[in-house]
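Undergrad: Sharing a structure below in structure tokens format, with a few things to ask.
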Amino acid sequence: MPAVRVLGIETSCDETAAAVVEDGRRILSNVVASQAEVHAPYGGVVPELASRHHVETIVPVVEQAMADAGTRFEELAAIAVTQGPGLVGSLLVGLQVAKAIALVHGKPLVPVHHVAGHVAAFLAHGEIPLPGVALVVSGGHTSLFEVPEEGVHRRVGRTRDDAAGEAFDKVAKLLGLGYPGGPVIDRLAKGANDRAVEFKIARIKDGASDFSFSGIKTAVLLHVKREGIPPVRDPENVPAPVRDLLASFQRAVVEALVRGLERAAREHRPRSLIVTGGVAANTLLRREAERAARALGLPVFIPELALTTDNAAMIAAAGHVSFARGERGDLSLNAEPHMALG
């Protein structure tokens, strides 16, 4: 059978991305234009700036993805695009470009849920035993899903407040470490004392497999005030007490995430575990997820680093599954900034 090539477009937040994926598995191209430097002075994403930069970069990014893949638009089977959730202004840029390409070249338009894209990032590993339990953890999302088959997601847990990645960003901002916070904290925590500060891990009283990270964020703030810790002036020369604080914070967050994953695995008895999303790039989380999987006797699948953060290869992979199921959008397709999944 002829290969099925899908162009994926992702603009849900502050990365402008396009990719071509063949048969839902083989990544022919994966281009990402990051806006991290644009938003760094503000300590977080500024929606208006994000949408403006998407407008400036989306066409060159798509052109580069098509060129890297050695593919013409006529050879595509479908155009997959993130419909939501995300920043409405950012989402609209990707949607409008995807609709234009689909209209001009007569290709099916396939809407994709951003989080479903993160789950589909594991498809690059090839065949994975399902049903699985997926932990999706990023700056905007922290959820647990049961995945009985490709393209089907049953949510079994979520954050009640802040996403884990958001907590990383806010703690980094509090200490003057810039944006995004996750990679900086991961780097500075290496070799530090992660037992220097004891943070309590929030437990949900009603017994649900949910998370809460607002409490630990507040605990870090109170510790900083109590100890009189000033913002870091030189990110390359961070005092040991600050590095110990970051390591202790990171350990507590990772423990909460892995504990939730283990609980979901015991309750739903999957054949595999999946850990994905931007925070899945965290060194400690990857290590602890692998440890937990060994203890449970299950394989764990964690995407390579380039596929953990927002990218379009995951959107194309998820789009391939939806396309095969006959799911289509039309030119009335609109952004859904609060789009639910499962």
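The values are calculated or read from the model by the stated rules, or taken from the named source; none is laboratory data. For clarity, every value in this text was computed on a predicted model and none was experimentally measured. Note that we place each Cβ from the backbone using ideal geometry, even for glycine, and neighbour counts take in every protein chain shown. All accessible areas refer to the heavy atoms of the entire protein, side chains included, with ligands and DNA or RNA removed. Shrake-Rupley method; radii C 1.70, N 1.55, O 1.52, S 1.80 Å.
Undergrad: If you find the alpha carbon centre of segment 93-116 and of segment 296-342, how far apart are they in angstrom?
TA: Taking the Cα centre of each part, segment 93-116 and segment 296-342 sit 13 Å apart.
Undergrad: Sum -39500 (n - 2.57) across every DSSP H segment of at least 4 residues in the chain, then divide by the residue count to get the 222 nm mean residue ellipticity, nearest 500.
TA: Helices in the chain give a 222 nm mean residue ellipticity of -13500 deg cm²/dmol.
Undergrad: Report the FRET efficiency, 1/(1 + (r/R0)^6), for Asp206 and Arg269, where r is their Cβ-Cβ distance and R0 is 22 Å, rounded to 0.05.
TA: Working from the Cβ atoms, E equals 0.50.
Undergrad: Residue separation times 0.36 nm, minus the C-alpha to C-alpha distance between Arg160 and Glu56: what's the value?
TA: 33.9 nm
Undergrad: As an exercise, identify the GluC sites (Glu not before Pro) in segment 200-262 lying in DSSP coil whose Cβ has no more than 13 other Cβ atoms within 10 Å.
TA: Glu236
Undergrad: Compute the accessible area per residue over the chain, keeping the other protein chains in place, probe 1.4 Å, unit Å².
TA: It amounts to 43 Å² per residue over the chain.
Undergrad: Right, here's the next one. On C-alpha positions alone, give me the angle between the axis of helix 214-227 and the longest principal axis of the chain, in degrees, nearest 10.
TA: The angle comes out at about 40 degrees.
Undergrad: Tell me which GluC sites (Glu not before Pro) from segment 76-177 have a DSSP coil assignment and no more than 13 other beta carbons within 10 Å of their own.
TA: The qualifying sites are Glu127, Glu149.
Undergrad: In the neighborhood of Leu307, defined by Cβ-to-Cβ distances under 14 Å, what is the net charge if each Lys or Arg adds +1 and each Asp or Glu adds -1?
TA: Around Leu307, the surrounding residues sum to -1.
Undergrad: Kindly count the pairs of lysines across the chain whose alpha carbons are less than 17 Å apart, treating pairs on different chains or eight or more residues apart as eligible.
TA: Final tally of qualifying lysine pairs is 7.
Undergrad: Quick check on segment 36-164: of the DSSP beta bridges with both residues there, what percent are antiparallel, nearest 5%?
TA: So the antiparallel bridges in segment 36-164 amount to around 65 percent.
Undergrad: Note down the relative contact order for the chain as a percent, whole number, built from C-alpha pairs under 8 angstrom at least six residues apart.
TA: 26
Undergrad: Oh, and also: For the chain, what is the percent of antiparallel DSSP beta bridges, rounded to the nearest 5?
TA: If we restrict to bridges inside the chain, about 60 percent are antiparallel.
Undergrad: Further, regarding this structure: Near Leu296, within a Cβ-to-Cβ distance under 13 Å, what is the net charge of the other residues, with Lys and Arg +1 and Asp and Glu -1?
TA: +3
Undergrad: Given the Cα-Cα distance of Ala40 and Gln64 and 0.36 nm per residue of separation, how much length would full extension add, in nm?
TA: 6.1 nm
Undergrad: Report, in whole Å, the centroid distance computed from the Cα atoms of segment 152-176 and segment 1-39.
TA: So the two Cα centres are separated by 24 Å.
Undergrad: How many percent of the accessible area of segment 28-99 is carbon or sulfur, using a 1.4 Å probe?
TA: 57
Undergrad: Please check the chain for the longest run free of trypsin sites (Lys or Arg not before Pro) that are loop-located per DSSP (anything but H, G, I, E, B) and have at most 15 other Cβ atoms within 10 Å.
TA: 73-159
Undergrad: Shifting gears a bit: Which part of segment 110-149 falls in the paramagnetic zone of Arg259, meaning amide N under 20 Å from the point 7 Å along Cα-to-beta-carbon?
TA: 134-138, 142-145
Undergrad: Hey, another quick one. Summing +1 for each Lys or Arg and -1 for each Asp or Glu, what net charge is found among the other residues whose Cβ lies under 13 Å from the Cβ of Lys107?
TA: Summing Lys and Arg as +1 and Asp and Glu as -1 gives +1.
Undergrad: Also, quick follow-up: Find the relative contact order for segment 1-103 and round it to a whole percent, using C-alpha pairs within less than 8 Å whose residues are 6+ positions apart.
TA: 36
Undergrad: Ok, one more. So how far, in whole Å, is the C-alpha centre of segment 233-252 from the one of segment 194-215?
TA: Spelled out, the Cα-based centre of one part sits 20 Å from the other.
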